[in-house]
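To start, the structure under review is shown below, and the notes come after it.
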Amino acid sequence: MAFEQDGIVQVEVDELKELLNSDTIIVDVRELEEYDEAHIPGVPLIPMNSIPHHMEKLDKGKSYVFVCRSGARSQNVALYLNEHGFTDVKNYAGGMLNWDGERSSGLEWVVKDTGELYKGKD
């Protein structure tokens, strides 16, 4: 069951699994090395420090859930975007430490600082 922290809805593992098959956009905000090691299949990486560079490319009308290692960085990203007019941003509570679903490795889907998209396996 989702709960709220600092005005941001916190999504738990079962809810995130359901959201993977919805219109919600799930974004991993960890560092490249963390994502390369293990990530949720099909979830793109936009490292936390790159979010301000990509903010104008994100649709404020869409629903987002942010994921990191433990839930702290993703909470900060959700707060930041909420302060900049995004109204439907959520945090995955517990992060990848709590993820018990399928995992992939490699650089599957990475949004680079230039805005360029890298999609590919290994």
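The values are calculated or read from the model by the stated rules, or taken from the named source; none is laboratory data. In this text the structure is predicted, and so the values were computed from the model without any measurement. Note that we place each Cβ from the backbone using ideal geometry, even for glycine, and neighbour counts take in every protein chain shown.
Go through segment 31-66 residue by residue and tally those that are not acidic (Asp, Glu) and not in a loop (DSSP other than H, G, I, E, B).
Going through segment 31-66 one residue at a time, the tally reaches 16.
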### Task
Those residues that are outside any loop (DSSP other than H, G, I, E, B) and within 16 Å of Asp88 (Cα to Cα), I need them from segment 13-30; list them, please.
Glu15, Leu16, Leu19, Ile25, Ile26, Val27
### Query
Within the bounds of segment 106-115, is there any residue that is basic (Lys, Arg), over 20 Å from Leu19 (Cα atoms) and either modelled with pLDDT under 95 or loosely packed, with under 15 Cβ neighbours inside 10 Å (or both)?
yes
### Query
Given the residues Arg69, Arg73, which is the only one that is over 22 Å from Ser22 (Cβ atoms) and outside any helix (DSSP H, G or I)?
Arg69
### Task
Among the residues of segment 33-70, write down those that are of a type in the set (S, T, N, Q) and either farther than 14 Å from Val89 by Cα or at pLDDT below 95 (or both).
Asn49, Ser50, Ser70
